[in-house]
1. So in segment 212-239, with the set limited to residues that are of a type in the set (D, E, K, R) and free of Cβ contacts under 8 Å to residues at least 60 places away in the same chain, which one is nearest to A16 (Cα to Cα)?
2. From T86, T171, T105, grab the single residue that is assigned to a loop (DSSP other than H, G, I, E, B) and of a type in the set (S, T, Y).
3. From the list K168, K151, K159, which residue is over 25 Å from E97 (Cβ atoms), modelled with pLDDT of 95 or more, out of contact with any Lys or Arg (no Cβ under 9 Å at 6 or more places or on another chain) and not hydrophobic (A, V, I, L, M, F, W, C)?
4. Tally up the residues in segment 108-131 that are outside any helix (DSSP H, G or I), surrounded by 15 or more Cβ atoms within 10 Å (Cβ to Cβ) and over 17 Å from the mean Cα position of the chain (by Cα), please.
5. Could you go through segment 38-48 and let me know if any residue there is crowded, with 20+ Cβ neighbours inside 10 Å and not aliphatic (A, V, I, L, M).
6. Among the residues of segment 132-168, count how many are in a loop (DSSP other than H, G, I, E, B), buried (at least 19 other Cβ atoms within 10 Å of the Cβ) and out of contact with any strand residue (DSSP E or B) (no Cβ under 9 Å at 6 or more places or on another chain).
7. Check V29, V18 and return the single one that is more than 18 Å from A71 (Cα to Cα) and among the β-branched types (V, I, T).
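The values are calculated or read from the model by the stated rules, or taken from the named source; none is laboratory data. Just so you know, these numbers come straight off a predicted model, no measurement behind them. Cβ sites come from the backbone with ideal geometry, for glycine too, and all protein chains shown count toward neighbours.
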Amino acid sequence: MGRVALVTGGTRGIGAAVCKALAAGGYTVAANYAGNDEAAAAFTAETGVPAFKWDVSDFSACKAGIAEVEAKLGPVEVLVNNAGITRDGMLHKMSPEQWHAVINTNLNSVFNMCRNVIEGMRERSFGRIVSISSINGQKGQMGQTNYSAAKAGEIGFSKALAQENARKGITVNVICPGYIGTEMVRAVPQDVLDKHVLPQIPLGRLGEPEEIARCVLFLVADEAGFITGSTITANGGQYLI
């Protein structure tokens, strides 16, 4: 069996592509998901990757969920923080519930997950942590103060955690995708994509989930041990940093 990799939000979209790539790369993969039992069952039936249900915004749920994964598969050596939601709205109309839902699921979850694997990684002197942030955590986005704040927070969190654990053989990195052809993005009307989204992307197309998965596969490899505290920008040239 290969190293155990746990992917949050792992049964759909980018997360599903990451799970498939890791499994094909020889990792023993576990996919976390929050609520869509039908999609999770279909994903496991297709891939053979087991799915584990818990709310990543809940620290105790993360602790119990990770313990279940480790009891069944072994110690988590690779963590991919991918789970995320949107609750868009202009700040002057945004409710506290919209703000807290996004911060809890997109940012607090990163603490919840990392805190529950980091001690084991330190004891074993090996670990790979990758968080999936966003182009909007780098440049901001109107109507997404909550989402942009959470995704920017992932970057700062990862830079600090990378420094804390570098001498323990643990790397912590971030990937910032641009517009990726997931179910959510492809639900946008085609004329909106053609007029307002694609013209912003120099490559002239959406990214594919598999392209983000290949970035993850690179960063979690044993051979990527000298790369930590870094951010890979994968947005087709839309925003250069």
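1. Within segment 212-239, the match that is nearest to A16 (Cα to Cα) is D222.
2. Of the residues listed, the single one that is assigned to a loop (DSSP other than H, G, I, E, B) and of a type in the set (S, T, Y) is T86.
3. K159
4. Of the residues in that region, 1 qualify.
5. yes
6. Matching residues across segment 132-168 total 1.
7. That would be V18, the only listed residue that is more than 18 Å from A71 (Cα to Cα) and among the β-branched types (V, I, T).
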